[in-house]
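Notes follow the structure.
The values are calculated or read from the model by the stated rules, or taken from the named source; none is laboratory data. Please read all numbers here as calculations on a predicted model, not as lab measurements. In this analysis, Cβ positions are derived from the backbone assuming ideal geometry, glycine residues included, and neighbour counts consider all displayed protein chains. SASA here: full protein model, heavy atoms, side chains in, ligands and nucleic acids out. Shrake-Rupley method; radii C 1.70, N 1.55, O 1.52, S 1.80 Å.
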Amino acid sequence: RRQQRGLSVRVRRADAIRGILAEHGTGALYVASTGYVSRAVHELAGDRYDVFYMQGSMGLAPAIGLGIALHTHRPVVVVNGDASLLMALGSTHTVRDRAPATFFHYVLDNGCHESVGGQPAAPLEAAYPGVTAIIAVTRDGRPPRVAADPATNAGAVRRALRPGEG
């Protein structure tokens, strides 16, 4: 629990996604952000939901979702990660100013860049324009993909760059 983020209760990522899918149903269009978010949505949504799985463009799920929302009458639901949101934080203002009432943007906050090794992400504020809700989620027991913590890893890189200095 990270109370400095204003998020004191954490839920399992799967439960958060199930809740979002149940809230908006099969009539909505979904945009799933990169990494574990996309994989988790795919596992739970299957073929029953219309989902665009956005791979390889971290931070752009809200912008892609907005583009879709501006060209359909169906609700558009973006499921994003906290570190991904931070990659293109400015999009929140465009979403605030341009999104139709049928646009929803959920951020799953686990406090890290989980898909690329579990490095800590900068803490989110309690709310952002253009974000429907920030949901604190657990890492579901997943260990970091990188065995070394960031400080140990950085030290190893420094030593490797200066051979013979011990």
For this session: Would you point out the residue of segment 49-67, among those that are out of contact with any strand residue (DSSP E or B) (no Cβ under 8 Å at 6 or more places or on another chain) and in a loop (DSSP other than H, G, I, E, B), that is surrounded by the fewest Cβ atoms within 10 Å (Cβ to Cβ)?
Result: Gly56
For this session: Considering only residues that are modelled with pLDDT of 70 or more and outside any helix (DSSP H, G or I), look in segment 141-163 and name the one that is surrounded by the most Cβ atoms within 10 Å (Cβ to Cβ).
Result: Asp149
Seminar exercise, completed: How many residues of segment 24-48 are outside any loop (DSSP other than H, G, I, E, B) and touching a Pro at 6+ places or on another chain (Cβ under 9 Å)? The answer is 3
Exercise. Considering segment 1-48 alone, what residues qualify as being open to solvent by less than 20 Å² (accessible area, probe 1.4 Å), at pLDDT 95 or above, closer than 17 Å to Thr132 by Cα and of a type outside the set (Gly, Ala, Ser)?
Worked result: Ile17, Ile20, Leu21, Tyr30, Val31
Exercise. On the given criteria, is Val79 in contact (Cβ under 8 Å) with a residue 60 or more places away in the chain and assigned to a loop (DSSP other than H, G, I, E, B)?
Worked result: no
Problem set entry | Conditions (1) hydroxyl-bearing (Ser, Thr, Tyr); (2) under 23 Å from Tyr49 (Cα atoms); (3) surrounded by fewer than 20 Cβ atoms within 10 Å (Cβ to Cβ): number failed by Ser84 | (3)
Seminar exercise, completed: Those residues of segment 87-116 that are surrounded by fewer than 17 Cβ atoms within 10 Å (Cβ to Cβ), modelled with pLDDT of 95 or more and in a helix (DSSP H, G or I) come to a total of 5
Exercise. When you scan segment 24-65, how many residues do you find that are within 12 Å of Val76 (Cα to Cα) and either touching a residue at least 60 places away in the same chain (Cβ under 8 Å) or hydrophobic (A, V, I, L, M, F, W, C) (or both)?
Worked result: 11
